[in-house]
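The values are calculated or read from the model by the stated rules, or taken from the named source; none is laboratory data. These numbers were taken from a predicted model, which means no experiment stands behind them. Cβ: placed from backbone, ideal geometry, glycine included. Neighbour counts: every protein chain shown. Remember, those area values only see protein heavy atoms, side chains included, never the ligands or the DNA or RNA. Shrake-Rupley method; radii C 1.70, N 1.55, O 1.52, S 1.80 Å.
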Amino acid sequence: MEAFNLRTNRLRKKPTNPNRSKHLLSISILAIFFLLFFIFNNSTFFPTSLKTTQCLKLQTLTPHKFLWYAPHSGFSNQLSEFKNALLMAAILNRTLIVPPVLDHHAVVLGSCPKFRVSDPNDLRFAVWNHVIELIQSHRYVSMADVIDLSSLVSDSAVQVIDFCYFASLFCDIDVNVFCVKDTKMEDLLLEKLKQCGSLLSGYSGDVDDCVFAVQEDCRTTVWTYQKDGENGSLDSFQPDEQLKKKKKISFVRRRKDVYATLGPHSRADLATILSFGSLFTSPYKGSESYIDIHEAPGDQRIQSLIKRAEFLPFVNEILDAGKAYALHTVKSPFLCAQLRLLDGQFKNHRMATFQGLKQKLDSLKQKESLPVHIFVMTDLPRSNWSGTYLGDLANDPDSFKLFSLSENDNLIKETAKQVVDEGHSLKFGASLNTGVKKDCRKGQILPDILLHVEETVCSCASLGFVGTAGSTIADSIEMMRKKQICSQ
């Protein structure tokens, strides 16, 4: 061992072994070769199968390219995002991945006007994890199970695939693992799903030609389409100087044409999956918070879709239940009162909400026969009506007769069961996969469809509608009434 005796033989020349030197050189060359192979074939730290095999499986579905996004907040916001997603998918000629209905506010965005929103990667991953939680707890119900997409899909206005079918292809797992089972998902399966979600969320950047994660959000971008001269221009709404100093932000909002930025000849167009964050938008200070696409005169296909997506009806099972309740239970002409009293900003405006209802009822009492029938949809439990205007109405049976629904009513339970049994979402993507049999869903926990039936009942209120100012639920009911859903 004199070659390693550094203390006494530091200057002594070590005898060389030609054969050993050649052997070491061969090992070094081989190690370098494998290192280079790993670098060029594994630009991320995910397993090779996640990066190549799964993406290649999706890429065999030519000409399909897919669009994913991160829904959030309550159902009305999720539906608004879904409409925007249909539009984006059609403009970019991609197949929309239809998400499930998320629990109310299980995932939140934040505030675009205050430039305080979740990072797109974090938002996407939170949504993915919640979807897996819904599947595990047997509460998964697709947006396509409650919203009727049949007319849009039948004439190829847009192409869609349900999340379960997509996930089985993307994660390279048997689609039947999403069936209701008594046992929990195995740890290896959960880890694989978690890695898929991380990849789709953009934590590893753009992965080959598989995933392109859109990083633009409402703090930096307003998406437009076919607005000449606007691509790249400053939006009219920018953070003011006070907000910049207080929050130490330097965001600049620009208007970008979505087709020019993410369409043909772009880096994003090469990817099999285009992954957005939030697609929620709302008017704000003369602009839109994120998406400003209200017309497309140069593209009749998109112009037609904009008009059709303005209103997407519930599936027949839900519409029939609401109409039946209005016709056979309420019977007489009635007023609908949608009173949002507990959630967010609305709890601070309870008196103003009640005042609007009182003015309407005072007018009806002078014109209609008594008692005036009122259908009430509210987040205030009936047990808490005492001491409120609702309590006053309930205690005046000579003047008013109140009706309301709850999740424990047989009508709601039976309708929810019909929605599950029908399984409308199973039609969207079955041709790209081996399919899920309808009996796969037996035993699933019934979805919460109370809100949807209530909205349908309100669309049938012949004496009018009083909604909560600023509520997206009220906006949805107004649209249903405008489209005369009850008479169809």
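The accessible-area ordering, largest first, of the residues His373, His265, His72 stands as His265, His373, His72, per a 1.4 angstrom probe. In the context of the full protein assembly, Asp122 retains an accessible surface of approximately 80 Å², using a probe radius of 1.4 Å and ignoring ligands and nucleic acids.
Using label points projected 7 Å from each Cα along Cα→Cβ, tell me how many nm separate His64 and Ser236, to one decimal. Rounded to a tenth, the inter-label distance reads 4.2 nm. The mean sequence separation of alpha-carbon pairs under 8 Å and at least six residues apart, normalised by the residue count of region 119-219, gives a relative contact order of 40 percent. Carbon and sulfur together cover what percent of the accessible area of region 377-422 at a 1.4 Å probe radius? Result for region 377-422: 41 percent of the exposed heavy-atom area is carbon or sulfur. Extension gain, Asn410 to Arg301: 0.36 nm times the residue separation minus the Cα-Cα distance gives 35.0 nm.
Summarising the amide proton neighbourhood of Thr468: residues at separation of 5 or more, or on other chains, whose placed amide H is nearer than 5 Å comprise Gln338, Arg340, Ala474.
Centroid-to-centroid, using Cα positions, region 58-132 and region 365-433 are 29 Å apart. Rolling a 1.4 Å probe over the protein chains gives Val158 an accessible area of about 10 Å². Probing with 1.4 Å while keeping every protein chain in the model, the per residue accessible area of region 231-297 equals 54 Å². A Förster distance of 51 Å, applied to the separation of the beta-carbon atoms of Lys417 and Asp396, puts the FRET efficiency at 0.90. Any chance you could check the Cα centroid distance between region 258-289 and region 153-171 for me, in angstrom? Using only Cα atoms to place each centre, the spacing works out to 19 Å.
Taken along the Cα-to-beta-carbon direction at a fixed 7 Å, the label points for Lys246 and Gln488 span 4.4 nm. Take every Cα pair under 8 Å whose residues are at least 6 apart in sequence, average their separation, divide by the length of region 345-488, and the relative contact order is 20 percent.
Evaluated with a Cβ-only charge set (Lys, Arg +1; Asp, Glu -1), region 203-328 carries a dipole of roughly 640 debye about its Cα centre, given to the nearest 20.
Among the listed pairs Lys65/Lys307; Lys57/Lys307; Lys114/Lys483; Lys246/Lys285; Lys347/Lys483, those with a Cα-Cα distance over 28 Å are Lys57/Lys307; Lys114/Lys483; Lys347/Lys483.
With one equal scatterer per alpha carbon and no solvent term, the Debye-computed log10 I(q)/I(0) for region 352-414 at 0.14, 0.17, 0.27, 0.29 1/Å reads -0.45, -0.65, -1.27, -1.36. So which aspartates and glutamates pass the test for Lys194, namely a Cα distance under 17 Å, with those fewer than 8 places away in the same chain ruled out? List returned: Asp122, Glu133, Asp172, Asp174, Glu186. Along the axis of the charge dipole computed for region 318-423 (Cβ charges of +1 for Lys and Arg, -1 for Asp and Glu, origin at the Cα centre), the listed residues Phe375, Ser406, Leu361 are led at the positive end by Leu361. For Ser266 and Gln136, what does the FRET efficiency come to when R0 = 45 Å and r is the distance between their Cβ atoms, rounded to the nearest 0.05? My answer for the efficiency is 0.75.
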